[in-house]
Amino acid sequence: MARKTSAKNTKEPVRLREKELANGVRSLYLDIYVNGKRSYEFLKLYLIPETNPQAKVQNENTMRAANTIKLNRILEITNNKAGLKNTSIRAKMLLKDWMETFRQAQEQKGVKDQKLIHNTIHALTAYNINVAMRDVNRDYIIGLTNFLRNDYRSPRGKKLKDYSVINYLGCLRNALNMAVREDVIADNPIMKLSAQDKVKAPESQREYLTVEEVKQLEATDSPYPHIKQAFLFACYTGLRCSDVRSITWGKIVKDGEKYRLHTVMFKTKRPFYIPLSKKAMQWMPERGNKTVAEVCQMHGVDATTFLAVINFMHSGYTQVSEDFDRLSIPALIDYLRQSHIYFLDFLFPRIRRDLSTALGGERKDAITRLIFKQLDSYIGEVSRHMRFEDMHLFPYVEGLLHGQLQEGFELSTFSKKHHAVDHELHELKQILIKYIPESTTRNELNAVLYQIYGCEDELDAHGKAEDYIFVPAVYNLEKRVKHENKR
């Protein structure tokens with residue numbers, strides 16, 4: 001007779017426990033014991049004294065929520081022991097949020113040209129970017145590929161070429177590879193595509209200019225002489241357009257009677273050294289003799305202030321001038337006033353007009369009216385903020401320049417008002433993406449969305465220039481005037 005075996009009692013690695021608090025309230029937490037190590041996770045869920053039927057129902061709901069969390073933790077621990085990646089929670093993240101994480105990671109790595117990432121996010125938004133990472137599977141990728149090849153139009157209204165589709169999918173592949181490394185998803189669905197599913201790059205046909213054609217080009221006048229110069233210089237050196245753009249006179253070294261170019265190739269990031277023939281040097285532009293200060297003086301612009309703003313923008317808002325006393329506050333005021341004119345009198349009216357055209361009118365249906373209500377609310381908020389600066393802040397600062405201190409106005413008031421509009425544009429984009437009517441002209445709407453994204457970047461740069469350059473400079477001025485008035 002076979003001997004009966006009793007199943008061992010396997011202890012759960014996660015237990016739900018309670019902790020007594022004041023007034024009879026009990027806090028729920030998880031007691032986790034894995035591989036000889038104990039840890040605790042406090043759920044911020046509480047059981048209240050059951051003094052009435054409503055309290056009893058509330059406690060039952062709380063216990064259900066706590067047990068669901070407990071079950072998820074047990075599944076995660078079990079998957080880890082089985083060699084599976086713990087992706088159950090993070091895989092709920094939206095692709096939209098992960099692409100932004102990827103973009104920021106690339107920016108931190110020093111990838112300056114983010115145009116491809118921006119264009120890829122734009123295309124994903126047009127398809128469906130509000131999908132959980134766990135749902136980005138092979139079917140999603142195949143559907144996206146077909147959409148990009150057949151239906152999608154660029155912000156300029158053009159159909160994508162296969163090379164562009166390959167580039168967009170390559171960008172998405174890199175983002176998903178990063179998601180695999182970060183245990184957000186278990187594997188990359190793009191890697192599962194068959195040869196038939198993938199977009200094949202067409203064979204390129206290269207054509208070459210003959211010597212006679214190059215000579216004819218040299219003898220032909222051009223309305224754009226700088227483009228002609230750059231093209232012929234590339235012909236005589238064999239350099240890519242990106243490498244020609246990066247050349248400065250500082251990278252050209254004279255060795256006796258000959259010239260050599262020392263630079264780093266833009267595409268491969270490898271240094272290279274090439275001799276420059278007399279023909280190539282002939283098409284180099286004249287070496288500039290004027291300094292930045294001289295050019296600024298010609299146009300009535302303070303050079304120190306100009307360089308402070310340009311370097312701040314070019315460095316990605318990291319290089320901030322520390323010598324604020326040397327900055328020209330009148331030049332900053334003029335720059336900010338001109339920016340206000342650009343936004344209020346040109347950019348906002350243009351976006352509103354183009355959006356009305358794309359949606360077929362402002363009062364077409366309830367969704368359209370909601371979109372314009374949100375847009376007008378946003379423009380109104382920005383307008384009030386900029387009018388406040390024009391009517392109150394700038395006159396206050398101009399008074400400080402003349403040693404006059406206006407009672408009842410504090411610069412801190414401006415700082416508090418400055419960030420009140422940051423979230424409005426984001427909400428408008430979400431409404432346009434999620435609830436746009438099917439009858440909308442897609443190409444025109446994509447163009448408007450592109451304008452809105454650009455407007456958001458420009459407003460961000462404008463706000464940062466105020467926060468990190470203008471406001472500190474005015475604070476220093478205000479401090480000096482207050483000190484002088486106390487004498």
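The values are calculated or read from the model by the stated rules, or taken from the named source; none is laboratory data. Quantities reported herein were computed from a predicted structural model and do not represent experimental measurements. Reconstructed Cβ throughout: ideal geometry from the backbone, glycine too, with neighbour counts over all protein chains shown.
The helices (runs of 4 or more DSSP H) located wholly in the stretch 43-130 that include 2 or more residues which are at pLDDT 80 or above, buried (at least 16 other Cβ atoms within 10 Å of the Cβ) and touching a Phe, Trp or Tyr at 6+ places or on another chain (Cβ under 6 Å) occupy 115-127.
Let's see how each residue does on (1) part of a helix (DSSP H, G or I); (2) in contact with an Asp or Glu (Cβ under 7 Å, 6 or more places away or on another chain); (3) surrounded by fewer than 19 Cβ atoms within 10 Å (Cβ to Cβ):
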position: Gly361; (1), (2), (3): no, no, yes
position: Ile371; (1), (2), (3): yes, no, no
position: Asp376; (1), (2), (3): yes, no, yes
position: Met386; (1), (2), (3): yes, no, no
position: Glu398; (1), (2), (3): yes, no, yes
position: Gly408; (1), (2), (3): no, no, yes
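Quick check on Val320: is it assigned to a loop (DSSP other than H, G, I, E, B), of a type outside the set (S, T, N, Q), in contact with a helix residue (DSSP H, G or I) (Cβ under 8 Å, 6 or more places away or on another chain) and under 30 Å from Tyr378 (Cα atoms)? For Val320, the condition - assigned to a loop (DSSP other than H, G, I, E, B), of a type outside the set (S, T, N, Q), in contact with a helix residue (DSSP H, G or I) (Cβ under 8 Å, 6 or more places away or on another chain) and under 30 Å from Tyr378 (Cα atoms) - is met.
Within the stretch 286-311, residues that are outside any helix (DSSP H, G or I) sit with their Cβ atoms under 7 Å from residues that are surrounded by fewer than 14 Cβ atoms within 10 Å (Cβ to Cβ) and at pLDDT below 80, at 6+ positions apart or across chains, in these pairs: Arg287/Trp249. Each residue in the stretch 242-282 was checked for being assigned to a strand (DSSP E or B) and surrounded by 12 or more Cβ atoms within 10 Å (Cβ to Cβ), and 12 pass. Filtered by the rule that a residue be surrounded by 13 or more Cβ atoms within 10 Å (Cβ to Cβ) and modelled with pLDDT under 80, the stretch 293-318 gives Val295, Tyr317. When Arg181 is tested against (1) touching a residue at least 40 places away in the same chain (Cβ under 8 Å); (2) assigned by TED's automatic domain parsing to the domain that holds Lys96, only condition (1) is not met.
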